[in-house]
Structure formats: structure tokens, C-alpha cells
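One structure is given here, and the rest of the page talks about it.
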Amino acid sequence: MCGIVGYVGNKQAAPILLEGLSKLEYRGYDSAGVAVRDGEKAAVVVKTTGRLKNLSEKIDNGKALAGTCGIGHTRWATHGVPSRENAHPHVSGNCTGSGSGEVESLVVGVHNGIIENYQELKAKMERHGYVFYSQTDTEVLIKLVDYYYKKYQGGPIDALAKTIVRVRGSYALAVMFKDHPGKIFAARKDSPMIIGKNDSEVFLASDVPAILNHTRDVYYIGNLEMAELSPKEVSFYNLDGDKVQKEVTTIEWDAEAAEKGGFEHFMMKEIHEQPKVTMDTLKKYIKDDGKKKHIDFSDFGLTKEDIEGFSQIYIAACGSAWHVGMQAQYVMEELTDIPVRVELASEFRYRKNKLNKNALVIVISQSGETADSLAALRLAKENGIKTLSIVNVVGSSIARETDYCMYTVAGPEISVATTKAYSCQLICAFLLAVEMGKVKGLIDDKKYAYYIEELLSIPSKIEACLENKERIQWFASKYSNARDIFFIGRGIDYAICLEGSLKMKEISYIHSEAYAAGELKHGTISLIEDGTLVVGSLTQADLYEKTLSNMMECKSRGAYLMGITTFGKYDVEDSVNFAVYIPKVDEHFVGNLAIIPLQLLGYYISVSRGLDVDKPRNLAKSVTVE
Ligand code: G6P
């Protein structure tokens, strides 16, 4: 949640920090701040509430702040309201007002994450005479670094190591020490942070897009590790203060992939990238040996023998990734005969699970950093259970800690509301289901070849769904003032509805719910009023009539019906008020197509309400706190 950046080099730091923060604003956008040092002079701290542009205006796009070393932060409030006092950077010394201006403090720092024992630490620091001016856990962290630095006089790395041992929680921390001009020190545990380097500059950021205009060479700093950044050098240390050698990773995708490319919003751009990225993901795992195509997981080391050993699958994830899990559950169980259980990662991690030792735990996550998903993964590992992750961000914590990491090839996803990463996650889940079914002897060669061709047909069919967007735009303009919207379906259609409903509520702020169609009459139907929009997903032949009947029950109580079904099922127009057709595909994989009109519906309603599509209120893309 929060994004952090740092820069040391030979250029003016503030404009570079602002540029980096603008690429991270998706991580939090309720306040922002920077601290810059000009040579030996004390740090100058500037903080503002609201969007990053307020900060940019205040410091003339960075030109007003001299100095070539600095740190910056964009905040998503956890401890304390969004205010100038609570905005980062925080300082170790006493200060009046909001902590802005020139600060003589020994330590100035920014932090992403949560310090769980901050209250206990705050009391300790108060006993030592420290005075707090914010409600944040970060200020406690910065003051603790100051305390250990002064007490043991072992230097910055020693002070950071002692701090890390004392705090519980997660952090990506970047600090500057008054006695060490031209240097930034960093520490990390369970919150993302990368360090980039070119010949004369070193960068630090929560995510790769923030530094891509300057370098593609990055280091991944490990858990409980620290780093010392100076213009031409970066050194890494472990908790004992010993140097750690690290390999540079070269980022393959370019900065352009993280720009809007002519679309009004990132979300629309990412919706339109879905044909390409789903094909890229398919091609990564489907190989053609000249005679026939087959699914190949050698890339992440999942073997036939591994698959044969699994007698249970658990899927743990959050948000849209959990919706992928819900859909995967139906498809995997049917194609593999292996029982599948899907759980919200935040529940999975605290339930007294009786986990089957021969299980596979699948964790799905775009960012690879979601705190609850990471905890679920670790719980599985502690129980000696094999783990497989479906992750988009290369080198992220979940990707690194899992036994098998199946990457999606969605590229950087900027819009807070996920679209293309969700679609690629579905593709991965379907590939796993088909291959596991084949290994388990439930799918013969003919069926296997058929499934592969059906999967490969998805990208062009998504393209066909997108061609229909003007109709959805028109429909959205009629419903932009809706108060409630219900999404109903059964089986796979229900899982599709969960995602359609989330897209709607997160970006349009219209209350919406997804309901298993058969469950409506047990309560929800009392909410249907004259004109309430009910969207039905009708893609499964054996459940089509059942869901349609449930939709008709709503219509008789005044609802306006939108139905999504496949081309050819034109009789749907006898029942629904507005029909949307998608191309035919094997029914197991239809989620990749049916979600397109629902993404578009959420998008267009949000636009017609004049909302900030890419940065909806109160949300953040990467949720690295519990
Ligand atoms: C946030 C995002 C969602 C995402 C969820 C899980 O809530 O806004 O779009 O589905 O986190 O994130 P992950 O990175 O684990 O997929």
C-alpha cells in the first residue's frame, strides 16, 4: 500500500523522486512527501495531503528543492488519518507543525508496511524522552533507529539491524542519516522494495515502473536484509552486518508498457491488452513439437510425478485473484477429479486447518506481495505442503518463496481494478486443470488436443468481445445512476458474477452484489425494486434455464434484466431487456470471455459518473498489510 522511492546520483533528486512516485501512485494516494539533502546540509522535508500533484505544485515539479540525494513517499493511510502530520517522511527529532521544512533530525525516513508492536515501542520511546507529532507507526520506527544509532554508535547498518530485531510486522524502509550525506540506507521485510543501478546513480522503489526510465538493472533485496546506497555503489547486508552478494536482474519489459498508450485510462488500455497478454501467457506454457501441441510446465519445474502425488488442492487468494480461484475450483475439480477447496487467504491463514499432507496449495496473486496471500503460502510451507503460485510480478515475495511459480505474462498492471492480470490468472488455472486431468488419465489425447485448441482460441474471441464495446457504453450511460446492481449466476457463472460485481463496486461506487442465482429467493430478492438492474451470466448450457427462471423472478418484481450468453442463444431476448453475446468456447473456459462485457460495464459507468477510474477512493492495488 504506500509507495516509496529513493535516489542518489549526480542529478537533482526531487524531479526524479516525483517521477518515480507518479508511477507508484496506484499504491496509495491520500498524501505524499519527499525529503532531499543538498550536500552536507540538513534534509528539507515537504509534505502535502491529497494527490501527488499537490506536492509537485508545491515544489515546482521538484525544481524548488536542491540536492542529489532524497527519498519520497505516497501514502495509503493505515495508522492515523490522511494529514500532513501523518504523511511521510518522518523525522527522529522533535519538531513542531507538520514536520515539514528544513529538519536537523538525525534520521529522516519513509516506510511502507505495518509495525505491529508500535504501541509498545512508542511507550518505550516516550520513556526515553522522544516526543511524537504523528499517529503513525512509521514515526516510531524512525525514532527507534535514532535510538539504537545513538545508544550503540555502531553506524547506520548496525542501528537498522537492531531495529529490525525489535519490531514485528512488515516494512520497506528507506532512511537518510544526518552524519552520512549522499547516502540512503534501506531495510526490508515482507513489503516490496527493489534497488536499481546504472553507472552513476542508484534508485530505490516499491515497484519496477518507478525506475524504468533510468535503468533496467535491479537487485531484489531479501527479507531481513539491509542496503547502503551511494551514487556509484550499492552494498547489501544481513542481520549480522555481513555483506551479502547479489545478482543483478535485467527487466525485460520497457517503460512504455507502463504508460497509457493513447487510452484515456490505464484500465481501458489494460482491458484492450487482454487478447495479447492471454496469448503471451498461453504461448509460455503451450509448446508445439511439430506434430502436436502440449502443455509444458518445465519452466517452473512441475513434473508428471509431482502431479500424480496430489490428492487435494487448496487455493488461497484475495480479491479478484480469489475470484479466479472460485472459477478454477469448478474447472479443476471436474477435469482432474481432485477435490479443490478455495479460501480467502485472510481466512485460510487463521483457520485451524487440517491440511492434507499430499495436497498442493495454490496461491494466486498479481502483485506477489499481498500480505494475507503470502501468509497463507508460508503456513502451507510450515505444514510441509507443496506450494504453487500464479503470480504476475517477477521476483516478488510470493514468487520467490513458492515451490513452483507459474508466471502470468500480463506485463505491468497499473489500474487499481485488475483486468488483464485476472484474465491471465484464469488462463494459468485452466492450463493447470487440463494438464492435471491429462496426467490423472481423465483426458484422452483427442480431448487434450481439443482443450488446447479451445484455449488458444480465447485471445481472438476476447478481441471479438471488445468489438461490442459501444453497445455496453450506451447501456452504461442509462444505468450510471443506479443505486444497486445484482449479478447472478450458477456454478462458473456465479464465479464470473463475483468478479463482475467487484469491478462495478470498486470503480463506480454503486452498491452491487454477486449472488448464486438459486440463493436469491432466500433473502436478496426482497431488495429488488422497480428498475433495479439484475445482470445474469448465462453461459453454462445445463444451468441456463435455471438462472433464467431466477432472473424472471426478479423481473416480475420490477427488475430490469441484462443477460450475457453465447451467440446463437437468441431466445434469451424473449426474457431479458438487454442481451450481450459472447463467442462460443468450451464452457469450462468461458470466464475469459464473459468477464469482458462486465469489465466494460464497470468502466463505462465509472466514466459516466465522472470518477477516477484508475485510482478509486480508499483502495490500493498492492495490499501489503493485513
Ligand atoms: C487489491 C486489488 C485487487 C486484487 C487484490 C489481490 O484489493 O485492488 O485488484 O485482486 O488486492 O491482489 P493480488 O496482487 O494478490 O492479486
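For this structure, a couple of remarks:
- Single unsatisfied condition, ALA345 versus (1) over 30 Å from LEU543 (Cβ atoms); (2) within 16 Å of the ligand (Cβ to nearest atom): (1)
- Residues in the range 596-612 that are within 13 Å of the ligand (Cβ to nearest atom) and either surrounded by fewer than 24 Cβ atoms within 10 Å (Cβ to Cβ) or under 30 Å from GLU334 (Cα atoms) (or both): GLN599 only.
- When residues of the range 384-416 are limited to those that are in contact with a Pro (Cβ under 7 Å, 6 or more places away or on another chain) and near the ligand (Cβ under 10 Å from one of its atoms), the one farthest from ILE364 (Cα to Cα): VAL416
- For the range 66-97, a residue qualifies if it is open to solvent by 10 Å² or more (accessible area, probe 1.4 Å), hydrophobic (A, V, I, L, M, F, W, C) and at pLDDT 95 or above, and exactly one does: ALA66.
- Among the numbered conditions (1) in a loop (DSSP other than H, G, I, E, B); (2) within 16 Å of the ligand (Cβ to nearest atom), the only one that LEU355 does not meet is (2).
- Being away from the ligand (no atom under 16 Å from the Cβ) and either farther than 28 Å from TYR220 by Cα or not assigned by TED's automatic domain parsing to the domain that holds GLY395 (or both) is a condition met by at least one residue of the range 359-379.
- Going through (1) modelled with pLDDT under 95; (2) more than 16 Å from the ligand (Cβ to nearest atom); (3) within 28 Å of the chain's Cα centre (by Cα) one by one, THR524 falls short only on (3).
- Residue within the range 13-21 that is at pLDDT below 95 and among the small types (Gly, Ala, Ser) present: no
- Residue count, the range 451-474 (criterion: modelled with pLDDT under 95 and buried (at least 21 other Cβ atoms within 10 Å of the Cβ)): 1
- Unique match (being in a helix (DSSP H, G or I) and closer than 20 Å to ALA449 by Cα) among GLU333, GLU308, GLU347: GLU333
- Filtered residue count, the range 412-435, keeping only those that are β-branched (Val, Ile, Thr) and open to solvent by less than 10 Å² (accessible area, probe 1.4 Å): 3
- Matching residues, the range 331-373, being of a type in the set (S, T, N, Q) and surrounded by fewer than 24 Cβ atoms within 10 Å (Cβ to Cβ): THR336, SER346, ASN353, ASN356, ASN358
- Taking residues in the range 375-388 that are closer than 20 Å to SER311 by Cβ, and partners anywhere that are in a helix (DSSP H, G or I) and open to solvent by 50 Å² or more (accessible area, probe 1.4 Å), the pairs with Cβ atoms closer than 8 Å and at least 6 places apart or on different chains are THR387/LYS381.
- Enumeration of residues in the range 182-207 that are over 23 Å from ILE114 (Cβ atoms), touching a helix residue (DSSP H, G or I) at 6+ places or on another chain (Cβ under 9 Å) and open to solvent by less than 10 Å² (accessible area, probe 1.4 Å): GLY196, GLU201, PHE203
- The range 311-330, residues that are part of a helix (DSSP H, G or I), within 12 Å of the ligand (Cβ to nearest atom) and either open to solvent by less than 40 Å² (accessible area, probe 1.4 Å) or outside the structural domain of ALA359 (by TED's automatic domain parsing) (or both): GLY319, SER320, ALA321, HIS323, VAL324, GLY325
- Total residues in the range 285-298, condition assigned to a helix (DSSP H, G or I) and out of contact with any helix residue (DSSP H, G or I) (no Cβ under 7 Å at 6 or more places or on another chain): 1
- All positions within the range 374-394 that are open to solvent by 10 Å² or more (accessible area, probe 1.4 Å) and either closer than 26 Å to HIS272 by Cα or assigned to a strand (DSSP E or B) (or both): LYS386, ASN392, VAL393, VAL394
- Considering (1) open to solvent by less than 40 Å² (accessible area, probe 1.4 Å); (2) assigned to a helix (DSSP H, G or I); (3) not aromatic (Phe, Trp, Tyr), the lone condition that LYS438 does not fulfil carries the number (1).
- Residue check for VAL439: within 12 Å of the ligand (Cβ to nearest atom), touching a residue at least 40 places away in the same chain (Cβ under 8 Å) and of a type in the set (A, V, I, L, M, F, W, C): no
- Answer residue from the range 219-247, given it is open to solvent by less than 20 Å² (accessible area, probe 1.4 Å) and at pLDDT below 95 and is farthest from PHE177 (Cα to Cα) among those: GLY222
- Among the strands (runs of 3 or more DSSP E) confined to the range 202-261, the ones with at least 1 residues that are of a type in the set (Ser, Thr, Tyr) are located at 217-220, 225-230, 233-237.
- Residue that is nearest to HIS90 (Cα to Cα), among those in the range 132-149 that are open to solvent by 10 Å² or more (accessible area, probe 1.4 Å) and over 32 Å from the mean Cα position of the chain (by Cα): PHE132
- The residue list GLY109, GLY113 contains one member that is crowded, with 23+ Cβ neighbours inside 10 Å, assigned by TED's automatic domain parsing to the domain that holds TYR220 and touching a Pro at 6+ places or on another chain (Cβ under 9 Å), which is GLY109.
The values are calculated or read from the model by the stated rules, or taken from the named source; none is laboratory data. It should be emphasised that the depicted structure is a prediction, and the values quoted were computed from it without experimental measurement. Quick reminder, even Gly has a Cβ in these numbers, built from the backbone with ideal geometry, and neighbours come from all protein chains shown. Surface accessibility is based on the protein's heavy atoms, side chains included, excluding ligands, DNA and RNA. Shrake-Rupley method; radii C 1.70, N 1.55, O 1.52, S 1.80 Å.
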